[in-house]
Amino acid sequence: IMLASDVSTSMLAMDLRPNRLEASKEVAKEFVASRENDNIGLTIFAGESFTQCPLTIDHNALSVMIDGVDCEIAAKGIIDDGTAIGMGIANSILRLKDSKAKSKVIILLTDGVNNRGEIAPLTAAEMAKEYGIKIYTVGVGTKNETAPYPTPYGVQQIPVEIDEATLQGIADI
């Protein structure tokens, strides 16, 4: 199982408490704790993607890695900001494609609309299908029109944009 987690700066929106990223991290850690016999890894993505933790059965180490995930790498320009969903999926595929496991799964956690990356989300989903990898999608955020978001000038309201159609399309494929 690969967790593919969005770390774009929009994950700092506070429509979930304390924010989207922290809420998704808690869900991810609960999931990991419930899968005691599975190899699980972590891919993170914003405008680009990389593996934060390769597949492991050391769930304590993985939980520590999940705790350490933040949006700073995108906020400080270490990686490009944005939401490259297809790249997050593709990076996860690379970790799973050669596995001999009877079940290969990607759990995609994102709050946004794909706006970056060289691989379109549905193309990446088709690639996963070719390798027998299932993708489960989780939209992180509320159905409100706007959400509070921290800025250097105080908390501002930003539009909530979760591309549910694309997430459903990925899961359907």
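Summary of computed values
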read-out: Antiparallel content of DSSP bridges confined to the chain, in %, to 5; value: 40 percent
read-out: Nearest 10 degrees, 0 to 90: helix 20-34 Cα axis against the chain principal axis; value: 30 degrees
read-out: Antiparallel %, DSSP beta bridges [both residues in the stretch 1-94], to 5; value: 50 percent
read-out: Test item: Cα-centred dipole of the chain, Lys/Arg +1 and Asp/Glu -1 on Cβ, debye; value: 480 debye
read-out: Neighbourhood net charge (14 Å Cβ-Cβ; Lys/Arg +1, Asp/Glu -1) for Glu36; value: -1
read-out: Contour minus Cα-Cα distance for Asp172 and Ser99 (0.36 nm per residue); value: 24.0 nm
read-out: Area accessible to solvent at Leu122, 1.4 Å probe radius, in Å²; value: 80 Å²
read-out: Efficiency of FRET between Asn115 and Glu36 - r from beta-carbon atoms, R0 25 angstrom, step 0.05; value: 0.10
read-out: Accessible area of the stretch 129-173 divided out per residue, in Å², using a probe of 1.4 angstrom; value: 69 Å²
read-out: Cut-off 11 Å between beta-carbons: net charge of the residues surrounding Ala147, Lys and Arg +1, Asp and Glu -1; value: -2
read-out: Which label in (i) 12.3; (ii) 11.1; (iii) 9.4 gives the computed mean projected area of the Cα convex hull in nm²; value: (iii)
read-out: Crossing angle, helix 59-68 versus the chain [Cα axis fit, 0-90 degrees, rounded to tens]; value: 20 degrees
read-out: At most 14 other Cβ within 10 Å, DSSP loop - chymotrypsin sites (Phe, Trp or Tyr not before Pro), the stretch 51-157; value: Tyr131, Tyr153
read-out: Of Lys29/Lys97; Lys97/Lys134; Lys29/Lys100; Lys100/Lys129; Lys102/Lys134; Lys29/Lys102, those spanning more than 20 Å from alpha-carbon to alpha-carbon; value: Lys29/Lys97; Lys29/Lys100; Lys29/Lys102
read-out: Angle in degrees between helix 85-96 and the longest Cα principal axis of the chain, rounded to the nearest 10; value: 30 degrees
read-out: Mean-position separation - Cα centroids, the stretch 1-25 and the stretch 79-145, in angstrom; value: 15 Å
read-out: Where the stretch 1-72 is the region considered: accessible area per residue in Å², 1.4 Å probe; value: 43 Å²
read-out: Contact order relative to length of the chain, as percent, for alpha carbon pairs under 8 angstrom and 6 or more apart; value: 25 percent
read-out: Label point distance in nm, Glu126-Thr51, each placed 7 Å from Cα along Cα→Cβ; value: 2.6 nm
read-out: Portion, in percent, of the accessible area of the chain that falls on carbon or sulfur, probe 1.4 Å; value: 51 percent
read-out: Trypsin sites (Lys or Arg not before Pro) within the stretch 1-60, DSSP loop, no more than 16 other Cβ atoms inside 10 Å; value: Arg35
read-out: Sparsely packed trypsin sites (Lys or Arg not before Pro) within the stretch 41-128, loop by DSSP, other Cβ within 10 Å at most 11; value: Lys76, Lys100, Lys102
read-out: Charge context of Asp67, other residues only, Cβ under 9 angstrom, K/R +1, D/E -1; value: +2
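The values are calculated or read from the model by the stated rules, or taken from the named source; none is laboratory data. Here the structure is a predicted model, which means the values were calculated and not measured. Note that each Cβ is placed from the backbone with ideal geometry, even for glycine, and that neighbours are counted across all protein chains shown. The area values use the complete protein model at the heavy-atom level, side chains included, leaving out ligands, DNA and RNA. Shrake-Rupley method; radii C 1.70, N 1.55, O 1.52, S 1.80 Å.
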